[in-house]
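The next block holds one structure in the form of structure tokens; read it before the comments.
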Amino acid sequence: MSKIQDALKTLSLRQNLTTSQAEDVMNEIMAGQASDIEIAAYLMGLAVKNESIPEIVG
């Protein structure tokens, strides 16, 4: 399972990501390894849950 999919599971439970998890997801996005749908779901998950500082910094 990809890092973004792991993050989506965590966000769906309304749990915060660690800085490391957020960084891994951003690296996956920047490397072109995440689909547009995954990216949209990730951003929506963060917005619905309310972003934490580690998620923004990561």
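The values are calculated or read from the model by the stated rules, or taken from the named source; none is laboratory data. Keep in mind it's a predicted model, so treat the numbers as computed, not measured. In this analysis, Cβ positions are derived from the backbone assuming ideal geometry, glycine residues included, and neighbour counts consider all displayed protein chains. When the accessible area is computed, the model is the full protein with side chains, heavy atoms only, and any ligands, DNA or RNA have been set aside. Shrake-Rupley method; radii C 1.70, N 1.55, O 1.52, S 1.80 Å.
Coupling constants for the range 49-58 follow from the phi torsions by the Karplus curve (6.51 cos²θ - 1.76 cosθ + 1.60, θ = phi - 60°), and in residue order they are 7, 6, 4, 9, 4, x, 5, 6, 5, x Hz; glycine and proline get x.
When only C-alpha pairs under 8 Å and at least 6 residues apart count, what is the relative contact order of the chain, in percent? Don't skip to the end; give the middle numbers.
Working: 54 pairs, mean separation 29.4, N = 58.
Reported as a whole number, the value is 51 percent.
Against the main long axis of the alpha-carbon atoms of the chain, helix 19-30 sits at an angle near 30°. Normalised by 2.2 N^0.38 Å, where N is the number of residues, the alpha-carbon radius of gyration of the chain equals 0.97.
How large a share of the accessible area of the chain, in percent, is made up of carbon and sulfur atoms when the probe is 1.4 Å and the other protein chains stay in place?
On the way: 2160 of 3800 Å².
Its accessible area is 57 percent carbon and sulfur atoms.
Across the range 32-47, coupling constants 3J(HN,Hα) worked out from phi with the 6.51/-1.76/1.60 Karplus curve, θ = phi - 60°, read x, 8, 10, 6, 4, 5, 5, 5, 4, 5, 4, 5, 5, x, 5, 5 Hz, and Gly and Pro carry x. For the range 13-31, backbone nitrogen atoms closer than 13 Å to the point 7 Å from Ile53 Cα along Cα-to-C-beta are found at 19. Helical runs (DSSP H, four residues minimum) scored at -39500 (n - 2.57) apiece and divided by the length of the chain put the mean residue ellipticity at 222 nm at -21000 deg cm²/dmol.
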